[in-house]
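A short worksheet on the structure shown next.
The values are calculated or read from the model by the stated rules, or taken from the named source; none is laboratory data. The structure displayed is predicted, hence computed values, not measured ones. Heads up, the Cβs are rebuilt from the backbone with ideal geometry, glycines too, and the neighbour counts pull from every protein chain shown.
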Amino acid sequence: MTPQPISAAAAGTWQLGDLPVNRIGFGAMRLPQSGEALTEAAVPRNRDQAITVLRRALELGVNHIDTAAFYFSPLRSANELINRALAPYPDDLVLTTKVGPGRDPSGAWLPHARPEQLRGQVEENLRQLGRDHLDVVNLRIVGSDPIADRFGALAELRQAGLIRHLGLSNIEPHHLAEAQAIAPVVCVQNMYGIGVRPDDDPFVRSCGEQGIAFVPFYSIAGTGRQAGALGGDSPVVLSVARAHGASAAQVRLAWTLQRGPHVLAIPGTGDPDHLTANVAAGTLRLSADELALLDTFHQDGT
């Protein structure tokens, strides 16, 4: 008998505001291209394969997809692939988008949007996704500059009904406090993983104490970022993986999820087998000794 595929629900659920999601989600950044995503080196991915991966994600119980209008290659747009593959959307599917950055048609990065430009970015996401509102919109920033004007502009769009919930991406703790003085924040999306930004551990805990989802990006790739996981992995991670008959990537995802019930995962891939493996990581339970070993490596690399 063929074993039943593991469901994303096995990792548990969390509420993004009033929207329940399974804690294993899907990141769409790699969907339009292979190679080094969001760069000139990116190669457009086969359209049928991308659509297959998206539909398979929903079959595996994924109901949280992270995307953005600036996720595109010369021939593919993540938002339009999502629209083509999944519309009409299931009632329980939560689409999270990001605004702030922009790219011109050649793919070159533009200066981050000013407050008065954010409505245009929101409307572009709405058009590409074929929606009349966006479930969650993250304001992505660079640096430590104040964000009140930009977050306030999004809060006005939330009041107008174009956005249901607001989040923040690539922030420092003071940005969260600044935003919360303007409107509720349901999630924080920052780079984080084993050995990546251990100084953010208190911030991750603080988000949980406030009932805010913490959504790491590059939790598998780490410092490889858009290029993906670098060749090889730590002997510490590999030893834990061998003990479970799992991959290093699955151990990294499992560790991420065990940082707290408010921590979500949005691993991205254009490969159906990798997708299945990522979802299966939601069932991997690391022991206290294994977590202590990985935490030591996380803190000091040994």
Query raised in the report: Considering only segment 98-112, how many residues are at positive phi and either in contact with an Asp or Glu (Cβ under 7 Å, 6 or more places away or on another chain) or assigned to a strand (DSSP E or B) (or both)?
Result: 1
Query raised in the report: Out of (1) modelled with pLDDT under 95; (2) in contact with a Phe, Trp or Tyr (Cβ under 9 Å, 6 or more places away or on another chain); (3) of a type outside the set (Val, Ile, Thr), the odd one out for GLY270 is which?
Result: (2)
Report summary line: Taking first residues from segment 87-113 that are closer than 16 Å to GLN128 by Cβ and second residues anywhere that are surrounded by fewer than 10 Cβ atoms within 10 Å (Cβ to Cβ) and of a type in the set (Phe, Trp, Tyr), the pairs with Cβ under 9 Å that are 6 or more apart or on different chains are none
**Report entry** First in segment 51-80 and under 16 Å from ALA11 (Cβ atoms) and at pLDDT 95 or above, second anywhere and outside any helix (DSSP H, G or I) and among the basic types (Lys, Arg), Cβ under 9 Å, 6 or more apart
**Finding:** HIS64/ARG23; ASP66/LYS98
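Answer yes or no as to whether VAL136 is buried (at least 16 other Cβ atoms within 10 Å of the Cβ) and touching a helix residue (DSSP H, G or I) at 6+ places or on another chain (Cβ under 7 Å).
In short, no.
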Report summary line: Expected output for segment 132-153 (first residue free of Cβ contacts under 8 Å to residues at least 40 places away in the same chain, partner in a strand (DSSP E or B) and of a type in the set (Val, Ile, Thr), Cβ below 6 Å, 6+ apart or cross-chain) is LEU134/THR97; LEU134/ILE163
Report summary line: Given the conditions (1) in a helix (DSSP H, G or I); (2) under 24 Å from ARG55 (Cα atoms), every one holds for VAL237 apart from (2)
Query raised in the report: Restricting the first residue to segment 247-259 and requiring it to be charged (D, E, K, R), which pairs with a second residue that is part of a helix (DSSP H, G or I) meet a Cβ separation below 7 Å and a spacing of at least six or different chains?
Result: ARG252/VAL237; ARG259/VAL204
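Every residue, every condition in (1) within 27 Å of ALA281 (Cβ to Cβ); (2) in a loop (DSSP other than H, G, I, E, B); (3) touching a strand residue (DSSP E or B) at 6+ places or on another chain (Cβ under 6 Å), yes or no:
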site: GLN15; (1), (2), (3): yes, no, no
site: PRO20; (1), (2), (3): yes, no, yes
site: GLU36; (1), (2), (3): yes, yes, no
site: ILE51; (1), (2), (3): yes, no, no
site: LEU58; (1), (2), (3): yes, no, no
site: LEU75; (1), (2), (3): no, yes, yes
site: ASP92; (1), (2), (3): yes, yes, no
site: THR96; (1), (2), (3): yes, no, yes
site: GLY120; (1), (2), (3): no, no, no
Requested in this report: Among the residues of segment 155-164, count how many are exposed (fewer than 15 other Cβ atoms within 10 Å of the Cβ) and part of a helix (DSSP H, G or I).
Outcome: 1
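The rows are residues; the columns are (1) out of contact with any Cys (no Cβ under 7 Å at 6 or more places or on another chain); (2) of a type in the set (Gly, Ala, Ser); (3) assigned to a helix (DSSP H, G or I).
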residue: ALA153; (1), (2), (3): yes, yes, yes
residue: LEU166; (1), (2), (3): yes, no, no
residue: ILE171; (1), (2), (3): yes, no, no
residue: GLU178; (1), (2), (3): yes, no, yes
residue: ILE182; (1), (2), (3): yes, no, no
Requested in this report: Report yes if GLY107 is under 20 Å from CYS187 (Cα atoms) and of a type in the set (Gly, Ala, Ser), otherwise no.
Outcome: no
Report summary line: The lone condition ARG114 fails out of (1) buried (at least 18 other Cβ atoms within 10 Å of the Cβ); (2) out of contact with any helix residue (DSSP H, G or I) (no Cβ under 7 Å at 6 or more places or on another chain); (3) closer than 24 Å to ARG158 by Cβ is (1)
Query - Flag for GLY232 being part of a loop (DSSP other than H, G, I, E, B), modelled with pLDDT under 95 and out of contact with any strand residue (DSSP E or B) (no Cβ under 6 Å at 6 or more places or on another chain) - result: yes
Query raised in the report: Out of the residues in segment 130-185 that are out of contact with any strand residue (DSSP E or B) (no Cβ under 9 Å at 6 or more places or on another chain) and polar (S, T, N, Q), which is modelled with the lowest pLDDT?
Result: SER144
